[in-house]
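Step one of this worksheet: look at the structure below.
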Amino acid sequence: MVKLSVIVPFYNVQTYAPDTLRSLRANAREDFEFILVDDCSTDGTADILRRAEDEIPGVVVRRHKQNGGLATARNTGLDAARGEYLAFLDGDDWLAPGFYAELLARTEELGCDFVRTDHVQVEGRNRSVHRVPHGRRGEVLDPRDAILPAGRSTSVDYPYAWAGLYHRRLLDRGLLHFTDGLRTAEDRPWIWRLHREADSFAVLGLLGIFYRRGVASSLTQIGDVRQLDFIRSFDQVIRETAEDRDAQVLLPKAVRTYCAIIFHHMSSIERFEPAVARTLKSMSGAALKRMPQQVLDDALDSMDVQRATLLRRLRRRPAAAGTKEVAAA
């Protein structure tokens, strides 16, 4: 029986893939499988993954004929996974030796649906520890209780799918697949759904995931139209949260988070291509109009003047012609 399936999407990361694969080799075990999904790479990534099939125990390679984005690639891996537990890793990140064995052992001791872990962020030569924004560690808790409070960073603001381990029963319940086609912020509706609908989780203070930030090919560094998928992503968060039995309590958190992300993108709008920047303004204004208006008003009233002023100005902005066409490009 396969104990753990690790799903690793790759797209044009030939510079970093060897480090990722070496770390998988250092985590290999007879009952582990590594599902490597080549999302139609156009560089040397495909050749590197072909060699990995012969060199690393447990490697299975799946290839897309068309680039579908991170969410779609992860779904391909989920559909192929056979493990009792599932984990994710990105194709330009890496792991400490033996990390998965220790993470699995601790998770099995707890017996919960999923666990979340801290990680090390790597920017060039600099490394910094980033922790799950949740104080209680090593205890089995109700995931819904970790969504709030609205005005503070919580577990749903730490959305990284690769920072954790997930029992297969979540996959069987339909809670682990991502919204197909999302090219950025794909983990936001995913983490919200997980915290609303799973039965139990825990946070572990276990370091062993190294997240490479500042990679030139990463969508977080590229100011093109794909970045605007965050709007579709957060629209989904708002829509699904509004249907929740505790919508009145949870919606203020979802709305505040959406506003924070809009402000973040608007504050660095100069990195976007001019046409995309115009579309960002128009789509953000339309998104603010779609939010529950009383909840939004309460959120704006609680914000600092700079943030509230910008968002109110955006909300008053008329929709521009051609927005949908640019966003769908």
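The values are calculated or read from the model by the stated rules, or taken from the named source; none is laboratory data. Small disclaimer: the values here were computed from a predicted structure and weren't measured. As a convention, Cβ positions derive from the backbone with ideal geometry for all residues, glycine included, and neighbour counts pool all protein chains shown. Accessible surface is based on the protein model in full, side chains and every heavy atom, while ligands, DNA and RNA are left aside. Shrake-Rupley method; radii C 1.70, N 1.55, O 1.52, S 1.80 Å.
For the stretch 247-277, a residue qualifies if it is open to solvent by 60 Å² or more (accessible area, probe 1.4 Å) and farther than 17 Å from residue 315 by Cβ, and the qualifying residues are 248, 249, 270, 271, 273, 274. Against the conditions (1) surrounded by fewer than 22 Cβ atoms within 10 Å (Cβ to Cβ); (2) touching a helix residue (DSSP H, G or I) at 6+ places or on another chain (Cβ under 7 Å); (3) in a helix (DSSP H, G or I), residue 239 satisfies every one except (2). A count restricted to the stretch 138-165 and to residues that are in contact with a Leu (Cβ under 7 Å, 6 or more places away or on another chain) and of a type in the set (Ser, Thr, Tyr) stands at 1. The condition (being surrounded by 13 or more Cβ atoms within 10 Å (Cβ to Cβ) and not polar (S, T, N, Q)) is satisfied by just one residue among 81, 105: 81. For residue 189, the requirement of being open to solvent by less than 10 Å² (accessible area, probe 1.4 Å) and over 24 Å from residue 99 (Cα atoms) is met. Taking the stretch 52-157 as the region of interest, the strands (runs of 3 or more DSSP E) fully inside it that hold 2 or more residues being touching a helix residue (DSSP H, G or I) at 6+ places or on another chain (Cβ under 9 Å) are 59-63, 85-88, 114-117.
Among the residues here, residue 214 qualifies as in contact with an Asp or Glu (Cβ under 9 Å, 6 or more places away or on another chain), closer than 27 Å to residue 73 by Cα, of a type outside the set (A, V, I, L, M, F, W, C) and loosely packed, with under 15 Cβ neighbours inside 10 Å.
Scanning the stretch 169-207 for residues that are over 12 Å from the mean Cα position of the chain (by Cα) and at positive phi returns 174, 181. Is it true that some residue in the stretch 281-290 is over 16 Å from residue 232 (Cα atoms) and open to solvent by 30 Å² or more (accessible area, probe 1.4 Å)? There is no residue in the stretch 281-290 that is over 16 Å from residue 232 (Cα atoms) and open to solvent by 30 Å² or more (accessible area, probe 1.4 Å).
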